[in-house]
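Let me begin by presenting the structure, written as structure tokens, before commenting on it.
Read the figures in this text as sums done on the coordinates, not as results from a lab. In this text the structure is predicted, and so the values were computed from the model without any measurement. All Cβ positions, even for glycine, are placed from backbone atoms using ideal geometry, and neighbour counts span all protein chains on display.
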Amino acid sequence: MHGPALSGWLLMVLCGVAGGYCLSRARRETGEERRAARAEAVMGFGMAAMAVPAVLFTPPAWAGAGYAALFGTAALRALWFLRSGGRHPQQHLHHLHHLVGSLAMVYMAVVMAPGADGGGHAGHGAAASAGGVPLLTGVLLVYYAFYVLVSAGRLIPVTAASGAAGVAGSGGARPELTPACRLTMGIAMFAMLLTL
């Protein structure tokens, strides 16, 4: 990622915490929810790794290809589950979102790779020239801006309506944390795309 080191640190921490929460959620859930939590954990940890400031760690030259392979595999997985369909339209939309997110991560990994027009991963602290395809970056920014606004809108009624009774009735689990985690990763993805 290009841009100030502080934003890299904040993104790294936020995405790492979101990935950790999703991983703990995967242990508790079953079936479709477990698959979704695993995919979100991979996305969170991958985003955290890509956001590490160059001041802390300069990734090896092959890191871009590694990220592209990881998220390419995640995209194929999301495509497989999207193709096989889900019982609910919400599951279908969630697989579609994972597909878009994974492909966006592949795109950023390719753009940030050494030798790419964007100046590579090593250009974190310096003012780098704009990388990637502006139209594609713009479309992804619009998608994530819309996703963040919709997710935030859904989060407000959940916290207001669930109250203490919803938390106590679910064995101590906090149902509003899952949408908050997804919102956090959507904001982080938007911020990462801005730095291209």
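Give the relative contact order (percent, whole number) for the stretch 1-103; include only Cα pairs under 8 Å separated by 6+ residues. Walk me through the numbers on the way to the answer.
Details: 93 pairs, mean separation 26.7, N = 103.
So the answer I get is 26 percent.
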Exercise for the section: Could you line up 190, 146, 81 from fewest to most neighbouring Cβ atoms inside 10 Å? Expected result: 146, 190, 81
Fill in the blank from the handout: For 154, 83, 25, ascending order of other Cβ atoms within 10 Å (fewest first) is 83, 154, 25
Handout entry: Sites residue 80 and residue 57 - FRET efficiency at Förster radius 35 Å, r taken between beta-carbons, to 0.05
Key = 0.60
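Counting other Cβ atoms within 10 Å, keep those with at most 15, restrict to DSSP loop, and tell me which chymotrypsin sites (Phe, Trp or Tyr not before Pro) in the stretch 28-65 are left. Before the final figure, lay out the partial values.
Numbers: sites: 45, 57, 62; in loops: 57, 62.
Hits after loop and neighbour filter: 57, 62.
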